[in-house]
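Read the structure below first, then the notes.
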Amino acid sequence: MPDSLHERDARLWSEQRSELLAFLAGARRRYAPSLQQRIDLQGLYEAAKRQGAAALAARPNWPAACPNTIEALLAPGADAVTLIARLKGPEKG
């Protein structure tokens, strides 16, 4: 069992990172521009926030509106770290 909640979250991230990258790659292959009007990105984001909050020990302070666009999610160079960083918002300082 992890020593802290932070370690639990880090282990969860490590386990799911490859799954996320595989999902993004599959989405890129299957996406067609004609699908964009049928995708409720905000609705998907709301569902993901609920699932993420249930899986994480701490309650993240995610933005109310989805900070990513379909184009950003499907960009060939998109990676999980960059996409998740957008959830945290701009760095203050």
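A short reminder: the numbers here are calculations on the coordinates, not readings from a lab. Since this is a predicted model, take the numbers as computed values, not measurements. Here the Cβ is made from the backbone with ideal geometry for all residues, glycine too, and neighbour counts use every protein chain on show.
Once the other residues with Cβ under 12 Å from the Cβ of D79 are scored (Lys, Arg +1; Asp, Glu -1), what is the net sum?
Computed value for this residue: +2.
May I ask you to evaluate 6.51 cos²θ - 1.76 cosθ + 1.60, the Karplus curve with θ = phi - 60°, for each residue of the stretch 72-85 and list the ³J(HN,Hα) values in order in whole Hz, giving x for glycine and proline?
5, 5, 9, 4, x, x, 5, 9, 4, 4, 5, 4, 6, 4
Label R17 and D79 with points 7 Å out from Cα along Cα→Cβ: what is the distance between them in nm?
It is 0.9 nm.
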